[in-house]
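Colleague: This is the structure I want to talk about, given as C-alpha cells.
The values are calculated or read from the model by the stated rules, or taken from the named source; none is laboratory data. Bear in mind the structure is a predicted one, so any value in this text is a computation, not a measurement. So basically every Cβ, Gly included, is an ideal-geometry build from the backbone, and we count neighbours across all protein chains shown.
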Amino acid sequence: MRIKWFEWVAGTALVVSLVGTTGCGAVHHSASFEPSFAAQPGMLVEVASVTNTTGKSYEVDIISMLRDQLTTALQKESLLSQGGASGQQLAMDVKIIEYEEGDAFKRWLLPGWGETVLSVECDLKRKADGRKVGSIQARRTVSVGGAYSIGAWRTIVESVSKDVVKEVQTKLRT
Amino acid sequence: MSYQKNTYCRIVAGCVTAFSLLLMNGCTTSWRAQGSFNRTVQTELAVKSVPAASVYVNDKYAGQTPLQVPVQYEQEVERRTRKVSYWENQPGWSFLISLLSLGVYVPFGFIPIVEETTLQPKDSFSGNTIVVKVAADGYEPWAKQVVCKGENSIPLETSLQQTQR
C-alpha cells in the first residue's frame, strides 16, 4: 500500500503541531510539605532570599531575574506578601541549583546540544518562628528549537517561577 | 523465495535493534563531581520532662515542656553530571525528530551531548550539634548535646533531680 503525498504532508503537519504545542524540553516540579502543616486562609508568601549555589557566574543577573519573576508570579496569583503581620506569612528561600544559558543556534543544529537549563529548590518557612513547612523543586530544560527558542535563557526563568508558584498555590489555595 | 526474504528482513531488523541498543548504552560519559551546595534540613526535638520545665536550645529559650521544637542545619549535597545522548534523555522527542527528518537524525541522536545532573545528599552536616538544656526552679538543670543527622524527630526525655539543700 502506498502512502499518498497529502497523507504524508498531513501526518507531518500533525506531528509538527504536536511538537509545537507540547513544548520543547523537559518539565519537572514537585513539592513536599510537613504533614503537620495546614494552610490557613489568607496565607501569603514573600521571596526572602535567592542564592546562586551553582558555583558559576553568569553574564545575566540570574538572581535578580528569578526574584523578579517569582514576585510577579506570586502577585498574579494574589499570593504575594506585602509585609505586615508575620502570623499568616511564609518566607521563601530559593536556591539556584543549575543554570545553563544554552544556545539557540546549537539547538537548531542538533537537538539537545546547547540546552537551556534552570533548576531550583525552594524552602518555605513560617515567618513567625522560622519553622520549615515545605520545599519545592522545579526544573525545566529547552533542548529543541532554532530561532523561536532565542531568549530561552530569559523565558525559562519565567516558566520555572510559574511552576514554583503553581505548587505553592496548590497547597495554599485548595 | 518469500521465506528467504522474510528471514533476511528479520536478521537485518535484529542487527539494527542490537546495534541501536549497543549505541544507546555506550553513549554515556561517566559521572563527574561538579561541586556541592548546602540544603536546609529540619529535625524536630520532642522534649519531655518531669516536672514541666523550661527548654533552652543553644542557650535560647524555646518554651515549656512538653515541647516540639524544630532545629535547622545544613546538609551537603553533591552535584554530579554526565553527558548522555538525546535518545536516552528524551526518547519521545528523539523519535519525533527522527520521523520528521526521515531518519537522518538517528545517528546524531546517539552523540552524548545532553548534560544529566544528579544530586546526592552526603553524610556531611554543618551546624547540626545542638545543646538542649532543661531547667526548673528547685531542680538540677539537665543538658544534652544532640547531633542531628537528618532525622525527622529526636525524642528527649528527662526526670529532673531536686536540688539538695
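Colleague: For the stretch A:115-130, state whether one or more residues are polar (S, T, N, Q), touching a residue at least 24 places away in the same chain (Cβ under 8 Å) and more than 11 Å from chain B (Cβ to nearest Cβ).
Modeller: For the stretch A:115-130, residues polar (S, T, N, Q), touching a residue at least 24 places away in the same chain (Cβ under 8 Å) and more than 11 Å from chain B (Cβ to nearest Cβ): present.
Colleague: Across the stretch B:76-91, what is the number of residues that are assigned to a helix (DSSP H, G or I) and either more than 8 Å from every other protein chain (Cβ to nearest Cβ) or in contact (Cβ under 8 Å) with a residue 60 or more places away in the chain (or both)?
Modeller: The qualifying residues number 3.
Colleague: On to the next question. Take the residues in the stretch B:1-34 that are charged (D, E, K, R) and assigned to a helix (DSSP H, G or I); name whichever of them is modelled with the lowest pLDDT. First the steps, then the outcome.
Modeller: Step one: filter the stretch B:1-34 for residues charged (D, E, K, R), giving B:5, B:10, B:32.
Now narrow it down to the ones that are assigned to a helix (DSSP H, G or I): B:5, B:10.
Values: B:5: 72, B:10: 78.
Among them, the one singled out is B:5.
Colleague: For the stretch A:141-158, indicate whether the set of residues that are crowded, with 22+ Cβ neighbours inside 10 Å, in a strand (DSSP E or B) and of a type outside the set (Lys, Arg) is non-empty.
Modeller: Yes, the stretch A:141-158 contains a residue that is crowded, with 22+ Cβ neighbours inside 10 Å, in a strand (DSSP E or B) and of a type outside the set (Lys, Arg).
So that you can scan it fast, the table gives a plain yes or no per residue for (1) in contact with an Asp or Glu (Cβ under 9 Å, 6 or more places away or on another chain); (2) part of a helix (DSSP H, G or I); (3) among the acidic types (Asp, Glu):
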{"position": "B:93", "(1), (2), (3)": "no, yes, no"}
{"position": "B:106", "(1), (2), (3)": "no, no, no"}
{"position": "B:134", "(1), (2), (3)": "no, no, no"}
{"position": "B:137", "(1), (2), (3)": "no, no, yes"}
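Colleague: Within the stretch B:53-69, can one find any residue that is under 30 Å from residue B:133 (Cα atoms), crowded, with 18+ Cβ neighbours inside 10 Å, under 27 Å from the mean Cα position of the chain (by Cα) and modelled with pLDDT of 95 or more?
Modeller: Checking the stretch B:53-69: not a single residue is under 30 Å from residue B:133 (Cα atoms), crowded, with 18+ Cβ neighbours inside 10 Å, under 27 Å from the mean Cα position of the chain (by Cα) and modelled with pLDDT of 95 or more.
Colleague: Moving on to the next point. If residue A:110 meets every condition in (1) within 11 Å of another protein chain (Cβ to nearest Cβ); (2) buried (at least 20 other Cβ atoms within 10 Å of the Cβ); (3) within 30 Å of residue B:97 (Cβ to Cβ) apart from one, which number is that one?
Modeller: With (1) within 11 Å of another protein chain (Cβ to nearest Cβ); (2) buried (at least 20 other Cβ atoms within 10 Å of the Cβ); (3) within 30 Å of residue B:97 (Cβ to Cβ) applied to residue A:110, the lone miss is (2).
Colleague: Does residue B:73 qualify as being within 12 Å of another protein chain (Cβ to nearest Cβ), outside any strand (DSSP E or B) and surrounded by 13 or more Cβ atoms within 10 Å (Cβ to Cβ)?
Modeller: Spelling it out, it is not the case that residue B:73 is within 12 Å of another protein chain (Cβ to nearest Cβ), outside any strand (DSSP E or B) and surrounded by 13 or more Cβ atoms within 10 Å (Cβ to Cβ).
Colleague: Find the strands (runs of 3 or more DSSP E) located wholly in the stretch A:1-115 whose residues include 1 or more that are of a type outside the set (D, E, K, R), farther than 30 Å from residue B:116 by Cβ and modelled with pLDDT of 85 or more, and list them.
Modeller: Of the strands (runs of 3 or more DSSP E) lying wholly inside the stretch A:1-115, those with at least 1 residues that are of a type outside the set (D, E, K, R), farther than 30 Å from residue B:116 by Cβ and modelled with pLDDT of 85 or more span A:44-52, A:89-100.
Colleague: Identify, from the list A:114, A:145, A:151, A:102, the residue that is touching a Pro at 6+ places or on another chain (Cβ under 9 Å) and within 25 Å of residue B:84 (Cα to Cα).
Modeller: On the way: A:114 fails: touching a Pro at 6+ places or on another chain (Cβ under 9 Å); A:151 fails: touching a Pro at 6+ places or on another chain (Cβ under 9 Å); A:102 fails: touching a Pro at 6+ places or on another chain (Cβ under 9 Å).
On inspection, the qualifying residue turns out to be A:145.
Colleague: A further question follows. For a quick check of your reading of the model, give me the residue pairs whose first member lies in the stretch B:114-143 and is within 13 Å of chain A (Cβ to nearest Cβ) and free of Cβ contacts under 8 Å to residues at least 40 places away in the same chain, whose second is part of a strand (DSSP E or B) and hydrophobic (A, V, I, L, M, F, W, C), with beta-carbon atoms closer than 9 Å and at least 6 apart or on different chains.
Modeller: That search, which allows pairs on different chains as well, returns B:114/B:84; B:115/A:117; B:115/B:84; B:116/B:84.
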